[in-house]
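Asks: The structure's right below; bear with me while I get my questions together.
The values are calculated or read from the model by the stated rules, or taken from the named source; none is laboratory data. Here the structure is a predicted model, which means the values were calculated and not measured. The protein model used for the area step is the full one, side chains on, heavy atoms only, and it has no ligands, DNA or RNA in it. Shrake-Rupley method; radii C 1.70, N 1.55, O 1.52, S 1.80 Å.
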Amino acid sequence: MLRGIIRGNIVSTRKQESLVGAKFMEVEIMDNGELTGRYIIDSVGAGIGETVLITTGSSARLALHNTNAPTDAVIVGIVD
């Protein structure tokens, strides 16, 4: 699991059918509490500036409850 900060949103005029309705966010990854300068594009609900938890790989598809979705990373939690 990764931790990161949402930096912005991504607008997509066309999406793969199983991702229609999903919100894409740009997340800067953190390592040991420090920002790394590495970014990933993530989906699901959280807002800009929030610190989030991210799961990657096959766990991301399971988190969406859609094992056919072409997803590699998903926000699974918001850090309070």
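Asks: Students sometimes get this wrong: rank M25, M30 by accessible area, probe 1.4 Å, all chains present, largest first. All intermediate terms of the calculation are to be shown ahead of the outcome.
Replies: Values: M25 5, M30 35 Å².
Descending order: M30, M25.
Asks: Report the full-extension gain for the segment S58 to D72: residue separation times 0.36 nm, less the Cα-Cα distance, to one decimal in nm.
Replies: Values: separation 14, 0.36 × 14 = 5.04 nm, distance 0.71 nm.
Extending this stretch completely gives an extra 4.3 nm.
Asks: Which ³J(HN,Hα) values in Hz, rounded to whole numbers, follow from the phi angles of region 18-24 under the Karplus curve 6.51 cos²θ - 1.76 cosθ + 1.60, where θ = phi - 60° and Gly and Pro get x?
Replies: 6, 9, 4, x, 7, 9, 9
Asks: A follow-up question, please. Run the accessible area of the chain with a 1.4 Å probe and give the carbon-and-sulfur part as a rounded percent. Could the numbers behind the result be given before it?
Replies: On the way: 2410 of 5050 Å².
With neighbouring chains kept in place, the figure for the chain is 48 percent.
Asks: Then there is this: If you split all Cα-Cα distances of the chain into 10 Å bins from zero, what percentages do you get per bin, shortest first?
Replies: Histogramming the chain at 10 Å steps yields 20, 53, 25, 2 percent.
Asks: Please tell me the relative contact order of the chain in percent, rounded to the nearest whole number, where contacts are Cα pairs under 8 Å and at least six residues apart.
Replies: 31
Asks: Something else about it: Hey, if we sort K15, K23 by accessible area with the 1.4 Å probe, largest down, what's the order? Before the final figure, lay out each step's value.
Replies: Details: K15 70, K23 100 Å².
Highest to lowest solvent-accessible surface, that is K23, K15.
Asks: Now for a separate question. Over the chain, average the accessible area per residue using a 1.4 Å probe and give it in Å², no decimals. Present the calculation step by step, with values, prior to reporting the outcome.
Replies: Numbers: 5050 Å² over 80 residues.
Here the per-residue accessible area is 63 Å².
Asks: Another question, then. Given the DSSP H assignment, sum -39500 (n - 2.57) over each helix run of at least 4 residues in the chain and divide by its residue total; what's the result at 222 nm in deg cm²/dmol, nearest 500? Show your work: numbers first, answer last.
Replies: Details: 1 runs with 6 residues, N = 80.
Estimated from H runs of four or more residues: -1500 deg cm²/dmol.
Asks: Hey, another quick one. Skipping prolines and chain starts, which residues have an amide H placed within reach, meaning under 5 Å, of the one on G77, given they are 5 or more residues away or on another chain?
Replies: Close amide H contacts, sequence-distant or interchain: L53.
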